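For reference, the structure discussed in these notes is given below.
The values are calculated or read from the model by the stated rules, or taken from the named source; none is laboratory data. Predicted model, so just to flag it, every value in this text is computed and none were measured. Ideal geometry is used to build each Cβ from the backbone, glycine not excepted, and the neighbour counts take in all protein chains shown.
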Amino acid sequence: MSALLIATVLCALNTAHADETLEYKLATINARSYVSKDHITVARFRSLLNQLASVYVEDKQQIADISVTAQEMLKKYGIEEALLNIMEGLNQLFATRIENQKYTEYAAAYVTLRSKGQSHSQAIGGLQAILRNLGVY
């Protein structure tokens, strides 16, 4: 993915509607259109950001940026995947916090598996199997 595209996506997420909450921005990106501020996905993204930030070393803004970038990278491979599905899947990888786990690395592995032809379920299952073999999952 070009550095320009990554910068454009991240800049859009950080600056577009600066008065909007991060979870609202994610819900809007996920829906690809307007959603009300009390839409169920806004609450779900809020919960996901809290859960993911408690497990991975990255903060909520970084997790949001990485997730949007992963979705954009999948699009370059012709794969349409909802932002909510990506984040839900990566949220299933750890039951408890394990020190120094990087959301970036798991998102990259997910994109790699998907680009090799795996479905969403297969990619998440594959990551869980790897973690289980390592005694982490």
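Total residues in region 15-47 satisfying the condition of being closer than 17 Å to T69 by Cα and touching a residue at least 24 places away in the same chain (Cβ under 8 Å): the figure is 7. You will find that of L26, L83, the residue that is surrounded by 15 or more Cβ atoms within 10 Å (Cβ to Cβ), modelled with pLDDT of 95 or more, of a type in the set (A, V, I, L, M, F, W, C) and over 26 Å from V136 (Cβ atoms) is L26 and no other. Picking from residues in region 92-117 that are buried (at least 18 other Cβ atoms within 10 Å of the Cβ) and under 19 Å from R46 (Cα atoms), the one that is farthest from the chain's Cα centre (by Cα) is F94. Residues that are at pLDDT 95 or above and among the hydroxyl-bearing types (S, T, Y) within region 37-55 comprise T41, S47, listed in sequence order. If the condition is being basic (K, R), modelled with pLDDT of 95 or more and farther than 12 Å from E81 by Cβ, then region 103-135 contributes only K116.
Matching residues to (1) on the phi > 0 side of the Ramachandran plot; (2) of a type in the set (A, V, I, L, M); (3) assigned to a helix (DSSP H, G or I); (4) touching a residue at least 60 places away in the same chain (Cβ under 8 Å):
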{"residue": "E72", "(1), (2), (3), (4)": "no, no, yes, yes"}
{"residue": "G78", "(1), (2), (3), (4)": "yes, no, no, no"}
{"residue": "E81", "(1), (2), (3), (4)": "no, no, no, no"}
{"residue": "I86", "(1), (2), (3), (4)": "no, yes, yes, no"}
{"residue": "V111", "(1), (2), (3), (4)": "no, yes, yes, no"}
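When region 97-109 is filtered for residues that are part of a loop (DSSP other than H, G, I, E, B) and either of a type in the set (A, V, I, L, M) or without any contact (Cβ under 8 Å) to a residue 12 or more places away in the chain (or both), the ones remaining, listed by number, are I98, E99. For region 18-54, the candidate set comprises residues that are assigned to a helix (DSSP H, G or I) and among the aromatic types (F, W, Y); within that set, the residue that is nearest to Q92 (Cα to Cα) is F45.
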